[in-house]
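What follows draws every value from the coordinates through simple rules; no lab data is involved. Treat the numbers as computed from the prediction; the structure is a model and nothing was measured. For neighbour counting, all protein chains shown are included, and Cβ atoms are generated from backbone atoms with ideal geometry for every residue, glycine included.
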C-alpha cells in the first residue's frame, strides 16, 4: 500500500494543480470528467454491451406489460418477476467493470482529497497532536515523548490515557514542520503544515488500511508501537464546491456520473 501511495503521489504531485492549489476548481471539474470518460472506456471494453442492451430492453418490456395488463393479477406478478430477473441480470453485467474501476477511481479521489479537502492549520492557534499506541506495543503512555522543532512550542502538558492515547497541545508559526515522536527506542516523524498558501497537508500516519486515504505521508509499519499519529486540519472552503473530504467525495461521484451519462452516446457505450 505504501509503495502504491508513493507511486500515485509522485504522479499526481506533478499533474495536479497546474494552475496552483489556490484554483481548486480546475482539478475538481477536469478530473471527475476524465474519470467519467475512463469509466465509459472500461465499460465499453470489458462489459457485455449486447447483454446490457438486451437486459434493459427486457426490463422496459416487462414494465410496459405491468402497465398494460394491470387488471390481470397473475400477469402482473409474472411480468414483475421477469422484470426483477432482467434487472438482476443487468446488475450482473455491471459488476465486473465496476470492480475494475474501483482502484483507479479511488486513487484519483484520494489524491483530490489530499490536495484540496484541508487547509493548513492557523498560525499561532492551539494545535492538537494525537498518538495512539498499538495494542500489545509493550510501551506505556508515560514512555511516549515528543520532540519539537524550532517554531513549534508546547502549549500544555501532554494528556495520557490508560487506553494508550497521548495528546499534546502545541502552537506553531507558519511553515512546514516535522515533529518527532518517540515510543521507547522507536522514533517516528509527523509532518505539520501551518499557515501559508493552500497545499497538500499531512493529516495522519497509521498502520491500518486508512493509510491509503492519506498519501501525504508514509504508512506506519506493522511493527510500530504507534497505531496512528494524527492532527485535525480544518476543512478548506471551496466556494461553489462542497467543502472538506465528504464534499469532494460527493462532488466527484455525482459529477463523474453526470459526465458519463452525458458522454455515453459520444463514446457509443450502453449503460
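By the count of neighbouring beta-carbon atoms within 10 Å, fewest first, 116, 90, 69 end up ordered 69, 90, 116. Compared with the direct C-alpha span, the chain from residue 57 to residue 209 gains 50.6 nm at full extension, assuming 0.36 nm per residue.
Normalise the Debye intensity by I(0) for segment 127-231, one equal point scatterer per Cα, no solvent, then take log10 at q = 0.12, 0.14, 0.17 Å⁻¹ and round to two decimals. Debye curve over Cα of segment 127-231, log10 I(q)/I(0) at q = 0.12, 0.14, 0.17 Å⁻¹: -0.38, -0.51, -0.76. Taking 0.36 nm per residue of sequence separation and removing the Cα-Cα distance, the residue 123/residue 88 pair yields an extension gain of 7.1 nm.
So what is the calculated 222 nm ellipticity per residue for the chain, using -39500 (n - 2.57) for each DSSP H run with n of 4 or more, over all residues, to the nearest 500 deg cm²/dmol? Don't jump to the answer; show the numbers that get you there.
Working: 5 runs with 121 residues, N = 271.
Helix-only estimate at 222 nm: -16000 deg cm²/dmol.
Which of 21, 177 comes first, and how do the rest follow, when ranked by fewest Cβ neighbours within 10 Å? Kindly include the intermediate steps, with their values, before the conclusion.
Numbers: 21 15, 177 19.
The order, fewest Cβ neighbours first, is 21, 177.
Helix 24-46 and the long axis of the chain differ in direction by around 50°, with both axes built from C-alpha atoms. Subtracting the Cα-Cα distance of residue 72 and residue 145 from 0.36 nm times their residue separation leaves 18.6 nm of extension gain. Both radii are taken from the alpha-carbon atoms of segment 12-79; with Rh as the Kirkwood radius, Rg/Rh is 1.39.
When only alpha carbons of segment 186-271 are considered, Rg and Dmax amount to 18.1, 57 Å. In terms of surrounding Cβ atoms within a 10 Å radius of their Cβ, 1, 98, 204 rank from fewest to most as 1, 98, 204.
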